[in-house]
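Student: I'd like to ask you about the structure that follows.
The values are calculated or read from the model by the stated rules, or taken from the named source; none is laboratory data. Since we're looking at a predicted model, the values are computed, not measured. For neighbour counting, all protein chains shown are included, and Cβ atoms are generated from backbone atoms with ideal geometry for every residue, glycine included.
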Amino acid sequence: MSKELNLKTAAIEKISHLDYFNIAISVDCVIFGYDNKELKVLLIKSDLEEFAGLYSVLGDLVRPDEDLESASYRVLSERTGMEDVYLEQVHTFGGIGRHPSGRVITTAYYSLIDIKHHKFKLNHNELHWHSVNDIKKLAFDHKKILDKCLNRLREQVMEHPVVFNLLPEKFSLRELQDLYQAILDIDLDRRNFRKKIAIKDWLVDLNEMENDVPHRPGKLYALKKQHQRTSTNAVVMQ
């Protein structure tokens, strides 16, 4: 005869661990863009007195009736009006003192958008693009979050076709190399770079040439359709 288990109800579990159930959960979205050969991040002025004058990445508390992914898309929609963007889960941050209001555990996502072709539908937020290389300090632990997301992006760029979300639909190999150099913060050998990209077989030759450029026009390419990602199939990585 099996020994009867001593079970407790969920209500008793909550009462006996009340402090554990009073921890807030948030999402933070690190939105990368690319412009004038610079990798940039979208930041908003902090509205907390403790961080007066500092910027933060876009984030919010997760509502009781939504999951993490829904919350991340809500943050983007409410703060920028954007919905058709690529999002990827990166890391969870749970430092005890990371929020002055109390214990808040946050999950960070990064997003990649083409600045020139994504226009904000909202203008009441103090949103600004900042060069990643110029950022020294942010509110909360958001500099740590930014660095973590940037490192994840750098780890992925040569193995996964994610960076094309930062480019227009048609682009030259020169533009693509400039983008990679901005993300990796290094100079790349032109011949070796093009050889590596060719091996990946990510691109399709459009049989078109650049126009109105101050240099010799280059061929135009596009990302093959099977590699294209949108907000409807964001990759979640733990």
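Student: On the basis of being modelled with pLDDT of 95 or more, within 23 Å of residue 112 (Cα to Cα) and hydroxyl-bearing (Ser, Thr, Tyr), does residue 26 make the cut?
Tutor: So residue 26 passes the test.
Student: Under the condition of being aromatic (Phe, Trp, Tyr) and under 22 Å from residue 91 (Cα atoms), which residue from segment 4-45 is surrounded by the most Cβ atoms within 10 Å (Cβ to Cβ)?
Tutor: Step one: of segment 4-45, the residues aromatic (Phe, Trp, Tyr) are 20-21, 32, 34.
Applying the additional criterion that residues be under 22 Å from residue 91 (Cα atoms) yields 20-21, 32.
Numbers: 20: 10, 21: 9, 32: 24.
Per the stated criteria, the residue is 32.
Student: Still on this structure, please answer the following. Please determine whether any residue of segment 21-28 is outside any helix (DSSP H, G or I), under 21 Å from residue 136 (Cβ atoms) and not assigned by TED's automatic domain parsing to the domain that holds residue 180. Full working, then the answer.
Tutor: Step one: list which residues in segment 21-28 are outside any helix (DSSP H, G or I), which gives 23-28.
With under 21 Å from residue 136 (Cβ atoms) added as a condition, the list becomes 28.
Remaining after also requiring not assigned by TED's automatic domain parsing to the domain that holds residue 180: 28.
Yes, some residue in segment 21-28 is outside any helix (DSSP H, G or I), under 21 Å from residue 136 (Cβ atoms) and not assigned by TED's automatic domain parsing to the domain that holds residue 180.
Quick grid of which residues meet (1) assigned to a loop (DSSP other than H, G, I, E, B); (2) not aliphatic (A, V, I, L, M):
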position	(1), (2)
152	no, yes
155	no, yes
158	yes, no
164	no, yes
169	yes, yes
177	no, yes
196	no, yes
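Student: Given the structure, is residue 181 at pLDDT 95 or above and either surrounded by 14 or more Cβ atoms within 10 Å (Cβ to Cβ) or not in a helix (DSSP H, G or I) (or both)? Spell out the reasoning first.
Tutor: Values: at pLDDT 95 or above: yes; either surrounded by 14 or more Cβ atoms within 10 Å (Cβ to Cβ) or not in a helix (DSSP H, G or I) (or both): yes.
It is true that residue 181 is at pLDDT 95 or above and either surrounded by 14 or more Cβ atoms within 10 Å (Cβ to Cβ) or not in a helix (DSSP H, G or I) (or both).
Student: Among the candidates 132, 157, single out the residue that is touching a helix residue (DSSP H, G or I) at 6+ places or on another chain (Cβ under 8 Å) and modelled with pLDDT under 95. Lay out the reasoning, then the answer.
Tutor: Numbers: 132 fails: modelled with pLDDT under 95.
Only one candidate passes the filter, namely 157.
Student: Looking at segment 205-228 only, could you name the residues that are surrounded by 13 or more Cβ atoms within 10 Å (Cβ to Cβ) and under 19 Å from residue 161 (Cα atoms)?
Tutor: Of everything in segment 205-228, those that are surrounded by 13 or more Cβ atoms within 10 Å (Cβ to Cβ) and under 19 Å from residue 161 (Cα atoms) turn out to be 206, 220, 221, 222, 223, 224, 227, 228.
Student: Taking segment 73-103 as the region of interest, how many residues are in a helix (DSSP H, G or I) and either among the β-branched types (Val, Ile, Thr) or surrounded by fewer than 19 Cβ atoms within 10 Å (Cβ to Cβ) (or both)? Walk me through it before giving the result.
Tutor: Restricting attention to segment 73-103, the residues satisfying the condition of being in a helix (DSSP H, G or I) are 73-80.
Checking the rest, the ones that are also either among the β-branched types (Val, Ile, Thr) or surrounded by fewer than 19 Cβ atoms within 10 Å (Cβ to Cβ) (or both) come to 74-75, 77-78, 80.
Result for segment 73-103: 5.
Student: Looking at 147, 134, 178, 185 in this structure, which one is free of Cβ contacts under 8 Å to residues at least 12 places away in the same chain and farther than 23 Å from residue 107 by Cβ? Spell out how you get there, then give the answer.
Tutor: Numbers: 147 fails: farther than 23 Å from residue 107 by Cβ; 178 fails: free of Cβ contacts under 8 Å to residues at least 12 places away in the same chain; 185 fails: free of Cβ contacts under 8 Å to residues at least 12 places away in the same chain.
None of the other options fit; the residue is 134.
Student: Please go through (1) among the aliphatic types (A, V, I, L, M); (2) in a loop (DSSP other than H, G, I, E, B); (3) modelled with pLDDT of 90 or more for residue 7 and return the number of the only condition it doesn't satisfy.
Tutor: Among (1) among the aliphatic types (A, V, I, L, M); (2) in a loop (DSSP other than H, G, I, E, B); (3) modelled with pLDDT of 90 or more, the lone unmet condition for residue 7 is (3).
Student: For residue 151, indicate whether it is under 17 Å from the mean Cα position of the chain (by Cα) and outside the structural domain of residue 223 (by TED's automatic domain parsing).
Tutor: Numbers: under 17 Å from the mean Cα position of the chain (by Cα): yes; outside the structural domain of residue 223 (by TED's automatic domain parsing): yes.
In short, yes.
Student: If you don't mind, another one. Failed condition for residue 98, given (1) in contact (Cβ under 8 Å) with a residue 40 or more places away in the chain; (2) under 24 Å from residue 38 (Cβ atoms), with all others met?
Tutor: For residue 98, the failing item is (2).
Student: As an exercise: evaluate residue 168 against (1) within 30 Å of residue 52 (Cβ to Cβ); (2) modelled with pLDDT under 95 and give the number of the one condition it does not meet.
Tutor: The one condition residue 168 does not meet is (1).
Student: For segment 46-72, give me each residue that is touching a helix residue (DSSP H, G or I) at 6+ places or on another chain (Cβ under 9 Å), closer than 22 Å to residue 136 by Cα and surrounded by fewer than 17 Cβ atoms within 10 Å (Cβ to Cβ).
Tutor: 54
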